[in-house]
Amino acid sequence: MWIFLPLTCLLFVTPTRGFFEGTCLRKEPSPGVLVLTPGRELIMTCKGHVTVDGLKVRNGSKPGGRDGSDVNGGNTENRSSGHAASPTAHVAPLTSVHRPSADREADQETEKEEWSDGSRGRRGENSSLQWKWTGRMVRKRDQDVKWSRGATLSLPSVTEADSGTFTCYHRDKEMFSLKVIVADPLEKPSLFCYKKSPSSKIRCESKPQGNVTIRPHCYLLLSKSPSPETFLRFQCSYSSHSSRCFCVLDHNEDEMRSVHFAYLCVTSIAGNTTSNLLDFTPMGILKPDAPKNVSVRKIEGEETWMKVTWNLPSSWKSHDNFYDMIYQIKYRPAVSSFHFDQIHNIDGERSFRIKDAIPGEEYLIQVRTKEEYDGLWSDWSSAVRSCSWTADKWTATTISIADIESSGLDISTVDGESMKSVCVWVCVGGRVSRAALQCAETPSTPLTFNRKPCHHND
């Protein structure tokens, strides 16, 4: 038969009083679970004494007394508000642990072995008491584990790797068990809200900078007034893949320019925390997605020009097209480190002609957008690479008749008569065409001609 023993509840956390008090409650751990932050000193005895950083969070059984009695005197938390006396660290509350009932003789024998003369015999230590961590025997030589008088297990500085269930056995009979979870305290969330189109829903989200080891619960508290009693709570979702909380609120056409007040509550067994209070208007947080289908076209005959075109973002709703959009285009040479970004503002049009490109130079080109009067700029679109139109280049080349003869072409006679002059057609680039024609009066005269790319239709 299991007996659930009450334990002292300790919560060492910076008080969150005032505006947010009582609105973001910590999630209680299950019975028999102790939640610690890394670096804590944890000491446990087979009789159920548990100490964290020198403070007892649970008493063992006491003759004539109640198991798990509070021994901390005035150093206890205000359980109704969730605040604690010390702001220096974070230990989530140990609500209770379980231990199987043991007959009086076994309990008295264990007590005698541990404390009767202030010391413990080696024989009893090796044969009577055992500690296991998640089913594996805990030994003295284990790293970061210290023993004191056999029945006491001490971890001087717990880490996430110490998370698991610690169990003490007396002569193969379970006497005490405690599940320990070691996790970093929750990071204070940074709340960000936005809309992708004037008539779209409001989205609010928060992504922590560090790793999240325990899945939290997220709530958004929203009001049209800064008065604390007017806030309504909305359930948010948590994505384990991206480690972020996100909330979706319905669109209200009548409140597009009304001031909203919001803050995010994040809570788990590792603690609870809230974001700063955020105030916004739905149109003020309008942030479109980046323009799509950005493309660049060369303009024939213009070596410094390029024409850039794009479309509205996919998330911009069609019935919001009566809102005017403005754009910015940004471009620079792709490989040069001596050129700064050039940025131009564009009103309404979804195209732009670059007229100052360096001929033959490859450019990186991006576009972003926003509603003309309200909201924020979108992110920049993905960079598109392109260069301007350039004319074909001609170069002078000289070939001697000897070079032609060495190729195996017989040019000494044509229809049985000796040649007085030689005409050579040359094609460059592997495409058949008439590219250039030069004639020489004698076979010893070099031929000079211009090279030009060939075209099928020449």
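The values are calculated or read from the model by the stated rules, or taken from the named source; none is laboratory data. This one's a predicted model, so the numbers in the text were calculated from it and none came from an experiment. Because the Cβ atoms are built from the backbone with ideal geometry, glycine has one as well, and the counts that use them run over all protein chains shown.
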- Message: Restricting to the range 283-337, name every residue that is crowded, with 17+ Cβ neighbours inside 10 Å and of a type in the set (S, T, N, Q).
- Response: Gln328
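Please enumerate the residues belonging to the range 317-330 that are under 29 Å from the mean Cα position of the chain (by Cα) and modelled with pLDDT under 95.
Lys317 - this is the single residue of the range 317-330 that is under 29 Å from the mean Cα position of the chain (by Cα) and modelled with pLDDT under 95.
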- Task: Answer yes or no: is there a residue in the range 341-349 that is among the small types (Gly, Ala, Ser), more than 19 Å from Ser382 (Cα to Cα) and either surrounded by fewer than 15 Cβ atoms within 10 Å (Cβ to Cβ) or at pLDDT below 90 (or both).
- Result: yes
- Query: So which residues in the range 293-330 are within 14 Å of Ser351 (Cβ to Cβ) and not β-branched (Val, Ile, Thr), if there are any at all?
  - Reply: Asn293, Ser295, Arg297, Trp305, Met306, Lys307, Trp310, Asn311, Leu312, Met325, Tyr327, Gln328
- Task: Of the conditions (1) assigned by the TED database to the domain that holds Arg215; (2) aromatic (Phe, Trp, Tyr); (3) closer than 19 Å to Arg385 by Cβ, Phe261 clears all except one; give me its number.
- Result: (3)
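For (1) touching a residue at least 12 places away in the same chain (Cβ under 8 Å); (2) part of a helix (DSSP H, G or I); (3) farther than 19 Å from Ala290 by Cβ; (4) more than 33 Å from the chain's Cα centre (by Cα), each residue gets a yes or a no:
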| site | (1), (2), (3), (4) |
| --- | --- |
| Glu303 | yes, no, yes, yes |
| Trp310 | yes, no, no, no |
| Arg332 | yes, no, no, no |
| Ser336 | yes, no, yes, no |
| His339 | no, no, yes, no |
| Ile343 | yes, no, no, no |
- Query: Tyr327: among the aromatic types (Phe, Trp, Tyr), outside the structural domain of Leu364 (by the TED database) and in contact with a strand residue (DSSP E or B) (Cβ under 7 Å, 6 or more places away or on another chain), yes or no?
  - Reply: no
- Message: Residue under question is Ile214, and the condition is that it be β-branched (Val, Ile, Thr) and under 30 Å from Leu312 (Cβ atoms); does it hold?
- Response: no
